[in-house]
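Okay, structure first, notes after.
What follows is calculated from the coordinates using simple rules that are stated; it is not laboratory data. Since the model is a prediction, treat every value here as computed from it, not as a measurement. Cβ atoms come from the backbone with ideal geometry, glycine included; neighbour counts cover every protein chain shown.
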Ligand code: MN
Ligand code: MN
C-alpha cells in the first residue's frame, strides 16, 4: 500500500483535516519537488469578491482526488515529493503589502528549487508570482488561460494594480519572453476592440474562445508548443471555463471552455519546461455544489501530473 495518506485506505474524503490531497503540511522544503501555496486574497477584484475563500475550498475538494491520472498514465505522488505549505499571510486591506508578502514567500520557495503551485486568490497575485519566478529563471514563457485579457491599464486610476492588470505590468517589466505570451479563451463584451489591440501591442498572442472552438484544443496546443521555448509559467483563471462548469467566480463570461477542454488544455502542456503554476479566481460564495472548486482541484492535479512526467527528464 502506498504510505501516502492521500491514497486514503483509511480516510474517506469527508474525514480528517483538508490539506491539499491530504499532503503533509510543512514549511520544510528540503527535498520537496513541489509545494501547494494558498493566497487567500480578493481585495483586487473589480466586481464580485470571495476568492479569499478559494484556497481552503479547493483543498477541501481536492480530497476527492484519489491519485491516479488515467489519461496521462501517471500517479503523481508516487513520483513527486509534494507538501502543502499553507497560506501567504495576506493583508486584506492592502494590495501593496499583500504583493510584497507573496513575492517574498514565493522567492524563498523558488530559491530552494521547489516548484510552486499557487491557489488563489484573485488574479492580481500573478504579478508578484511572475516577478519571483523571473528573478530566478529570467524572462518566462507564459501560458495564460482566461476569459479576460488582464492587460488593462489601471482599472481604478488611483491604484495601478487590480485583478485586471497583472499581465500589462509583467510585459512592461520584461518578465515575459518576447513572442512567448499566449492567452487562451478570451471572450466577452467586457473587452473592447481597443483592448485587444492594446494586448497585441504589448506583446500578447490572444487566442479567443472563437478560435479555440473553431480549431479545437489540439491545434491550440500545437501553437503553444511551437511558441514556448523558455522556462514556462502557467496561470489559469477559472473563469476561462464556462459558468455552467465554473459559476463560482467573480466575473463570469458565458460561452467558455468546457471542464473537459480546460483539463485537456492543461494536460496538453506536457513536454514544456514547466517552472510554476497558479490557479486563480475561485469564489466559493458564488459556487453551486462546489463544482467550481472540484474543477479547480482537478486542474491542479493535471499540472501535478505534468510535473511528475517531467521529473527525471530535466
Ligand atoms: Mn478572468
Ligand atoms: Mn484573470
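Name the residue, out of 235, 292, 249, that is in contact with a helix residue (DSSP H, G or I) (Cβ under 8 Å, 6 or more places away or on another chain), in a helix (DSSP H, G or I) and crowded, with 19+ Cβ neighbours inside 10 Å.
Working: 235 fails: in a helix (DSSP H, G or I); 249 fails: in a helix (DSSP H, G or I).
Criteria check complete, one pass: 292.
Return a yes/no flag: does the stretch 269-278 have any residue that is crowded, with 22+ Cβ neighbours inside 10 Å, at negative phi and within 15 Å of ligand 2 (Cβ to nearest atom).
yes
Pick from 221, 140: which is closer than 21 Å to residue 281 by Cβ and touching a helix residue (DSSP H, G or I) at 6+ places or on another chain (Cβ under 9 Å)? Steps first, answer last, please.
Details: 221 fails: closer than 21 Å to residue 281 by Cβ.
That would be 140, the only listed residue that is closer than 21 Å to residue 281 by Cβ and touching a helix residue (DSSP H, G or I) at 6+ places or on another chain (Cβ under 9 Å).
Do you know which of the residues in the stretch 227-253 that are over 16 Å from residue 296 (Cα atoms) and more than 16 Å from ligand 2 (Cβ to nearest atom) is nearest to the chain's Cα centre (by Cα)?
Once the filter is applied, the top-ranked residue is 232.
Residue check, residue 71 against (1) part of a loop (DSSP other than H, G, I, E, B); (2) touching a helix residue (DSSP H, G or I) at 6+ places or on another chain (Cβ under 7 Å); (3) more than 25 Å from residue 305 (Cα to Cα), all met but one. Which one?
Of everything listed in (1) part of a loop (DSSP other than H, G, I, E, B); (2) touching a helix residue (DSSP H, G or I) at 6+ places or on another chain (Cβ under 7 Å); (3) more than 25 Å from residue 305 (Cα to Cα), residue 71 misses just condition (3).
Yes or no, residue by residue, for (1) under 26 Å from residue 56 (Cβ atoms); (2) within 12 Å of ligand 1 (Cβ to nearest atom); (3) touching a strand residue (DSSP E or B) at 6+ places or on another chain (Cβ under 8 Å):
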residue: 121; (1), (2), (3): yes, no, yes
residue: 126; (1), (2), (3): yes, yes, yes
residue: 130; (1), (2), (3): yes, no, yes
residue: 133; (1), (2), (3): yes, no, yes
residue: 141; (1), (2), (3): no, no, yes
residue: 147; (1), (2), (3): yes, yes, yes
residue: 156; (1), (2), (3): no, no, no
residue: 160; (1), (2), (3): no, no, no
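Would you be able to tell me the number of residues in the stretch 103-133 that are part of a helix (DSSP H, G or I) and either without any contact (Cβ under 8 Å) to a residue 12 or more places away in the chain or away from ligand 2 (no atom under 16 Å from the Cβ) (or both)?
Number satisfying all stated conditions: 12.
Among the candidates 269, 265, which residue alone is outside any loop (DSSP other than H, G, I, E, B), away from ligand 1 (no atom under 13 Å from the Cβ), in contact with a helix residue (DSSP H, G or I) (Cβ under 9 Å, 6 or more places away or on another chain) and closer than 24 Å to residue 124 by Cβ?
Working: 269 fails: outside any loop (DSSP other than H, G, I, E, B).
Unique residue meeting the criteria: 265.
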